[in-house]
Every structure is written in structure tokens, then in C-alpha cells.
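Asks: The structure is given below, and queries will be raised subsequently.
Read the figures in this text as sums done on the coordinates, not as results from a lab. If you're wondering where the values come from, they're calculated on a predicted model, not measured in any experiment. No Cβ is skipped: glycine too gets one built from the backbone with ideal geometry, and neighbour counts run over all protein chains shown.
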Amino acid sequence: MSDVWTGLRWVSLALAALVLSACAETEFLVHSAKRMSSIVSGPAEPGFKIGQPYQIQGVWYYPAENYQYDETGIASWYGGQFHGRRTANGEIYDMNSLTAAHRTLPMPSFVRVTNFENGRSLILKVNDRGPFARGRIIDISRRGAQLLGYQSTGTARVRVQIMADKSRVLAARMRSRKQFADAGTPITVDRLPKPEVKTETLAPPPAAAAASGAAAPSAANEIRQNLPVQVRPEGTVTASALPGVVTLKPIRKTNLFIQAGAFGHFENANKVRARLSMVGPVKVRSVLINGRDLFRVRVGPLSSVAEADRMLETVTRAGYPDARIVVD
């Protein structure tokens with residue numbers, strides 16, 4: 001009988017050990033999962049990024065260090081839905097900072113965005129990818145849209161120009177920091193430049209009010225409410241160089257077009273013009289770029305952004321997926 005009790009005791013001890021082992025293993029797995037989760041979702045080190053070509057909605061985009069970038073088109077803005085999320089180069093998106101998303105420019109880099117509709121111009125830091133709506137060329141933070149004067153309308157006709165010197169310096173600093181980190185050296189580089197907002201109240205531009213008859217009260221109030229910024233006329237010595245400074249430029253009348261493509265031979269451009277002649281007024285215009293004649297095929301002019309969006313969809317479906325909205 002004692003042998004039976006001894007056997008049962010050993011079995012009980014073995015089962016208890018197995019249970020404890022299982023509990024320990026479960027606890028280990030739980031802690032490991034939490035640790036791995038914190039590693040995956042923890043903060044990433046922001047860095048310099050260009051990226052590989054990628055495709056969105058049938059359109060290929062080719063990121064590159066293009067320090068001659070200068071385009072016109074339609075700007076949009078993004079805010080609360082993405083606030084606090086990570087950007088494409090590892091930074092945290094802050095809708096109250098002066099930043100922007102672009103499909104191909106290096107991250108980070110600096111661009112000057114000029115709103116043709118009111119003359120406001122502002123330097124922003126590109127640190128994200130987008131917008132992926134086909135008819136938009138840049139997505140700006142809510143703060144940037146406020147200062148450029150189009151938060152209430154949602155879109156604006158703009159010119160986007162890369163700040164070549166500032167962007168090259170920024171890229172060199174970011175790359176140097178990564179090289180130092182990879183080598184394990186304690187040497188650090190100077191703190192990276194960051195757009196900062198100055199301390200002067202921004203009033204609605206007189207030129208904008210004159211152009212439209214009167215500034216919309218809601219838009220004016222949005223600009224005034226707790227949004228200090230420095231405003232300088234174009235031509236001021238430092239106005240074109242300082243991030244966070246709204247520069248006022250002369251307003252000029254603009255038109256919207258759909259550019260189906262630009263061709264090196266007139267015959268090719270003329271064939272495209274003929275194919276698109278049924279969708280609207282189409283013109284072929286020659287332009288000299290880097291010593292080379294190009295022939296642009298454009299549909300328009302178009303009366304509004306909404307009409308341009310519809311025409312862009314039509315031209316795209318006609319077999320020109322690289323068509324885009326331009327402002328001229």
C-alpha cells in the first residue's frame with residue numbers, strides 16, 4: 001500500500017512540475033510577445049529616405065533626389081485623422097507643424113509652396129509620402145493650409161519648388177548622422193533645421209481681398225485665431241529664406257489644364273491631340289527645357305478644380321495614365 005501511495009505522490013509531483021513549467025513557459029511567451037510588440041510599435045529613428053519606385057492605382061512613381069523640381073498643380077491638406085501617426089521617413093506627424101507629403105521628393109527636404117489664389121508663399125518640410133489622389137501634387141499639414149489660406153476650401157492652385165540648397169544641406173547632415181551611428185562614434189552633428197513659427201499676427205493679404213472683392217470671414221478668422229506668424233512682402237532680404245515666414249507675392253490670373261503628356265516629336269504630340277479632340281479643346285504647345293524642345297498636349301482651360309478632376313479621369317481612361325492637372 002505504501003508503494004502505491006509513493007507512486008501516486010511521485011505522479012502528483014510530476015504533474016505539478018509540468019503545470020508550473022507550462023505556466024512559466026506561458027508567462028515567458030506573454031512577456032516575449034509584449035517585448036516584440038514594443039520593438040515593432042516603438043519609436044523609429046527618423047532618417048533620410050528616398051525609396052524605391054512604387055505603384056498606386058495603376059500609376060508608377062519614381063522617388064529621386066530632384067533638386068530642379070518645380071511644378072504647378074492642386075494642393076490638398078491632411079489633419080486629425082493622421083495626427084500622431086508615423087510618417088514615411090519615421091517622424092511623427094504633427095498637423096500643427098509646417099510639413100508636407102510628396103510622392104517623389106527626398107525625405108526630409110524643403111519646398112516652397114505658393115498659393116496662386118492669394119499670393120501667400122511658405123516653406124514646408126517634406127517628411128511623408130502622398131497625396132495619392134491622382135489630381136493632387138502635394139498634401140500639406142493643417143497648419144500649413146491655414147497659413148496658405150485654403151484650409152476652409154480644401155484645395156488650392158499652387159506652385160511647388162524644392163529649396164535646393166537647404167535640402168542638400170539637410171540630406172548631408174542626415175546622412176552624416178547615420179554614418180556616425182553605424183560606426184558607433186560619439187561624434188554628433190548640428191541639430192537639424194526645423195521650421196519654426198514667428199510671432200506676428202497674420203492678417204488677410206490685401207492683394208487677396210482686392211482680387212476676390214472681400215475675404216471670406218470664416219477663412220480670415222481661421223488665420224487670425226492663435227496662429228502667430230511673420231509676414232513679409234516678396235523682395236524682403238530674408239523673406240525667401242526663412243521657414244515659418246509667409247511671403248506675399250503678386251496675384252496673377254491662372255488657368256487649369258490637363259496635360260496628357262510631353263513629347264520630343266511634334267508628330268507624336270499631334271496624334272495625341274487628335275485622339276483627345278473629342279473630349280474638349282486640345283492644344284499643342286512647344287517649350288524649351290534643358291536645351292530640348294518638348295511638345296506639351298493640354299486639354300483646357302477648365303473652369304474649376306472639380307471640372308479638372310472630371311477631365312483628368314476622362315483623359316486617364318482614354319489611355320494616358322500619366323496625365324496630370326497643371327496650373328498656368
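Asks: May I ask you to derive the FRET efficiency for Gln57 and His265 from their Cβ-Cβ distance with R0 = 30 Å, giving the value to the nearest 0.05?
Replies: 0.55
Asks: Using the basic label-point model (7 angstrom from Cα toward the beta carbon), what is the Glu307 to Glu71 distance in nanometres?
Replies: 2.4
Asks: So, one more: Multiply the residue gap between Asp328 and Ala164 by 0.36 nm, knock off their C-alpha separation, and tell me the result in nm, one decimal place.
Replies: Values: separation 164, 0.36 × 164 = 59.04 nm, distance 2.29 nm.
Fully extending the segment from Asp328 to Ala164 adds 56.8 nm.
Asks: Tell me the Kirkwood radius of the stretch 256-327: reciprocal of the mean inverse pair distance over distinct alpha-carbon atoms, in Å. Don't jump to the answer; show the numbers that get you there.
Replies: On the way: mean 1/r = 0.0828 Å⁻¹.
Hydrodynamic radius (Kirkwood, Cα pairs) of the stretch 256-327 is 12.1 Å.
Asks: At a 10 angstrom cut-off on C-beta neighbours, averaged per residue, how do the peptides 284-292, 104-112, 126-134, 310-318 rank from highest to lowest? Write out the running numbers ahead of the final one.
Replies: On the way: 284-292: 9.6, 104-112: 23.3, 126-134: 19.9, 310-318: 18.2.
Per-residue mean Cβ counts within 10 Å order the peptides as 104-112, 126-134, 310-318, 284-292.
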